[in-house]
Amino acid sequence: MSNANILLGVNIDHIATLRQARYRNAGVELEPIVEPDPVALSVVSEAAGADCITVHPREDERHIQRADVLGIRERVEARLNMEMAATEDMLAFALEVKPHSICIVPENREEVTTEGGLDVLGNFDRIRSIVATAAAEGIASSLFIDPDSEQIAASAETNASHIELHTGAYANAYHTPQRSDEFQRLVDGANTGFSLGLIVNAGHGINYTNIEEVRGLPHLHELNIGHSIVSRAIETGLAEAIREMKALIRGG
Ligand code: PXP
C-alpha cells in the first residue's frame, strides 16, 4: 500500500550529536573545520525532499545549539518544527526563532533522546498556556504523547492543533509478540485524535523496516524521523567516503 500524502520531518539533531562528539568545546578559531554542519545538512535534507526540519534544542545545548536553530530558520525554506520542553526559557527561545510549529516534549536532563510521552493531564495549565502564547504568534503546537486516550483528550482541550504519537514502544516491540498490540494502540490513538479534530503526526524509532507498517496508520499527517535516516546515510555513504580518502592519501 502506498501513501503519497504522508509528510516527512527530518530530525536533524542526530547530525549535531555527531558533531558534539568531537567538537563540543570548539570556539570560533576551530569553526572552519567543525563537521558535520546541521545547518548545511538541513539544506541538503530539504533539497532531497524533507517537508520539515525538526530540531530539539535542550536546555544545556548538548546536541543542537541555539545558533544552529537560528541558522536553519534563516537558510531553510521548508517548515521548521522545534521540539521543546515546557519551560519559560524554551518558550522565549521559540518566540525568538518563530518556527512554524513547536512540539512540546517531556525532557529529562540526562536522557540521550526523548524517552516517554508528555503528561498533558498532569501539566495541563502550563501546556495550555504555552499553546496559547505560541498561537498568538502564529506558531502551531503539537504535543508528543503516548497513544493513550486520556492524554489525547487532554491534548485536544489544550487547543493544540497537532499531536505527535510516540511510536517508541511500538518500535521497541517490533520483533516481539507485543508488536500487534502496540500497533493497535497507535491505530486507536490516531483514530481518537482525528475524531477530536487533531492533526495526527507520529515519531520515534521509525526505521526502514517498520515504515512499511507505520505508513498504514490512519489519518497520518507527518512522520518525524531522525536516527534511522542518519544511520542509513552513514551506511550508504561510508564506502564512498573511504574511497575518496584513500584516493587523497595516494595524492590522486
Ligand atoms: N519525535 C520526537 C518528539 C522525538 O523526540 C524524536 C527523537 O529525536 C523523534 C521524533 C525522532 O526519533 P528517531 O530519532 O528515533 O527517529
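The table for this structure:
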{"item": "Residue, nearest to the ligand (Cβ to nearest atom), within the range 1-23, restricted to residues that are among the small types (G, A, S) and surrounded by fewer than 21 Cβ atoms within 10 Å (Cβ to Cβ)", "result": "A21"}
{"item": "Subset tally (residues that are within 11 Å of L121 (Cα to Cα) and surrounded by 24 or more Cβ atoms within 10 Å (Cβ to Cβ)) for the range 137-150", "result": "1"}
{"item": "Filter pass, N224 being under 22 Å from N5 (Cβ atoms), in a loop (DSSP other than H, G, I, E, B) and within 11 Å of the ligand (Cβ to nearest atom)", "result": "no"}
{"item": "Any hit, the range 170-192, residues being aromatic (F, W, Y), exposed (fewer than 13 other Cβ atoms within 10 Å of the Cβ) and modelled with pLDDT of 95 or more", "result": "no"}
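Let's see how each residue does on (1) buried (at least 19 other Cβ atoms within 10 Å of the Cβ); (2) free of Cβ contacts under 8 Å to residues at least 40 places away in the same chain; (3) of a type outside the set (A, V, I, L, M):
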residue: E213; (1), (2), (3): no, yes, yes
residue: H227; (1), (2), (3): no, no, yes
residue: A233; (1), (2), (3): no, yes, no
residue: L238; (1), (2), (3): no, yes, no
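Listed here are the residues, each with its yes/no results for (1) among the polar types (S, T, N, Q); (2) within 15 Å of the ligand (Cβ to nearest atom).
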| position | (1), (2) |
| --- | --- |
| H166 | no, yes |
| H175 | no, no |
| S180 | yes, no |
| D188 | no, no |
| L196 | no, no |
| N201 | yes, yes |
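The values are calculated or read from the model by the stated rules, or taken from the named source; none is laboratory data. On a predicted model such as this, the values are computed, not experimentally measured, just so you know. Glycine also receives a Cβ, built like all others from the backbone with ideal geometry; neighbour counts cover every protein chain displayed.
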